[in-house]
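The values are calculated or read from the model by the stated rules, or taken from the named source; none is laboratory data. Because the structure is predicted, anything quoted here is derived from the model rather than measured. Using ideal geometry, Cβ is built from the backbone for each residue, glycine included, and neighbour counts are taken over all protein chains shown. Keep in mind that these areas ignore ligands, DNA and RNA; they rest on the heavy atoms of the full protein, side chains included. Shrake-Rupley method; radii C 1.70, N 1.55, O 1.52, S 1.80 Å.
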Amino acid sequence: MKRVLVTGGAGFIAHHLIYLILKTTNWEIISLDRLDYSGNLNRLHDIISKLPVESRSRVKILFHDLKSEINPIIKKEIGSVDIIIHLAAGSHVTRSIQNPMEFVMDNVVGTANILEFARYIFKENPSFERFIYFSTDEVFGPAPVGVNYKENDRYNSSNPYSASKAGGEELSVAYHNTYGLPTIITHTMNVFGERQHPEKFIPMCIKNIRDGELVTVHADKSLKIAGTRHYIHALDVSEAILFLLNIELKSESDWGGAKCPKFNIVGSEEISNLELAKLIADAQNKKLNYVMVDAHSSRPGHDLRYSISGEKMRSLGWAPSIKLRERINQLVKWSLENPSWMEL
């Protein structure tokens, strides 16, 4: 039986991953979280309570803030693990612009501390399988129309959040290159799903449309072209991570000698924020009241278009199995039945 450490386990994406692991494997899970702005143990309780008792018993929940090293007491509590999936991160662009050092501490220093723990585990357990660093499409910066960044393309961070994620990513690459730590990196973009923080665009749209309130849609300076994204459900992301953990990875090296494997986890289609808001309105049989605003003027550091290529994952045999519209319809129905999760 494998033992998996998931950092940020009470966070939005991680709790979906923990659920899927418990549902589809016999692995044990250690969830490590500091329960701050975005962490919420009620997520884990809500989703794990739906599983059989024997599955629930395979979860151990620990409190720790990764701005501090993992000390001997926490090391003992965690024990030996076979896989570390590092999802803990500060992820709010606006807050990163207001307080960049908070994100440097969380996403760079925090990553350094979990990498040091992984290095310790790797020395103690040579059969340690994988360290996964969960990164973002935003490290590549804005994508011109027609451009879909591949895994090893250059970075062009637009804000402190994306820069801090790029910093953590490069540390992960360094530990792969320097210490031989078996590391892989994933990039994904605009993840949505049940129990997401209500400040995010999709839950905010669902609530505002339900209440007949105005939806703000970010656009270009002309206020005619809405920003676009590849939205992807958290369960699809979780399935992609499990897919990567269950295939044999071949060693690879690009023209620059980069050997650390990287994988883009991409939604099934590109869609504008306005089209997405209309989908959410349609799912509620409601009228969409919206206003277009200049993305950069209203929220500096937010880019009009992000896009990454999903070609590599498709070539390996993975792509989202459920279409975006169906995922949105499912989420809207769930959200209206569980309204407390849309309240701040």
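Here segment 204-344 is treated as a Stokes sphere of Kirkwood radius computed over C-alpha pairs; at 20 °C and 1.002 mPa s its diffusion coefficient rounds to 124 µm²/s.
The label-point distance for residue 74 and residue 54, in a model that sets each label 7 Å from Cα toward Cβ, rounds to 3.3 nm.
Across the cross-link table entries 221/333; 60/150; 150/207; 60/312; 278/323, which are compared at the Cα atoms, the separations over 26 Å belong to 221/333; 60/150; 150/207; 60/312.
Averaging over all projection directions, the Cα-based convex hull of segment 225-272 occupies 5.1 nm² in the image plane. Taking amide H as placed 1.01 Å from N in the peptide plane, the amide H of residue 143 sits under 5 Å from that of 305, 306, 307, each at least 5 places away or on another chain. Span-like helix check, the chain: qualifying full DSSP H segments, with Cα axial length of 27 Å or more and mean Kyte-Doolittle of -1.0 or more, are 160-179. Across the protein chains, with a 1.4 Å probe defining accessible surface, the residues 311, 169 rank 311, 169 from largest area downward. Using just its DSSP H runs of length 4 or more, each adding -39500 (n - 2.57), the chain gives a mean residue ellipticity at 222 nm of -11500 deg cm²/dmol after division by all residues.
Once segment 3-95 is represented by equal point scatterers at the alpha-carbon sites, with solvent omitted, what log10 I(q)/I(0) does the Debye formula produce at q = 0.14, 0.20, 0.24 Å⁻¹? Computed log10 I(q)/I(0) values: -0.47, -0.94, -1.29. Remark: the chain carries 44 Å² of accessible area per residue (probe radius 1.4 Å; ligands, DNA and RNA excluded). Mean-square fluctuations from a GNM of the chain, with a 10 angstrom spring cutoff on Cα atoms, peak among 254, 82, 36 at 254. Between residue 315 and residue 177, the distance separating the two model label sites (each 7 Å from Cα on the Cα→Cβ line) works out to 2.2 nm. Percentage of Cα-Cα pair distances in the chain greater than 29 Å, rounded to whole percent? That tail contains 37 percent of the Cα-Cα pairs.
The accessible area of residue 228, taken with all protein chains in place and a 1.4 Å probe, comes to roughly 30 Å².
Each label was represented as a point 7 Å from its Cα along the Cα-to-Cβ direction; for residue 147 and residue 282 these points are 3.1 nm apart.
From the alpha carbon centroid of segment 312-344 to that of segment 144-207 is 19 Å.
With the convex hull drawn around the C-alpha atoms of segment 80-207, the volume per residue stands at 126 Å³. Only protein heavy atoms count here; under a 1.4 Å probe, residue 109 has an accessible surface of about 50 Å².
Of the accessible area of the chain, computed with a 1.4 Å probe over protein heavy atoms only, carbon and sulfur atoms account for 53 percent.
Ratio of Rg to Rh for segment 185-235: 1.03 [Cα atoms; Kirkwood radius as inverse mean 1/r over pairs]. In segment 59-155, the convex hull through the Cα atoms has an average projected area of 8.3 nm², a quarter of its surface area. Amide hydrogen proximity for residue 64: with H placed 1.01 Å from N in the peptide plane, the residues at 5 or more positions away or on another chain lying under 5 Å are 33, 34.
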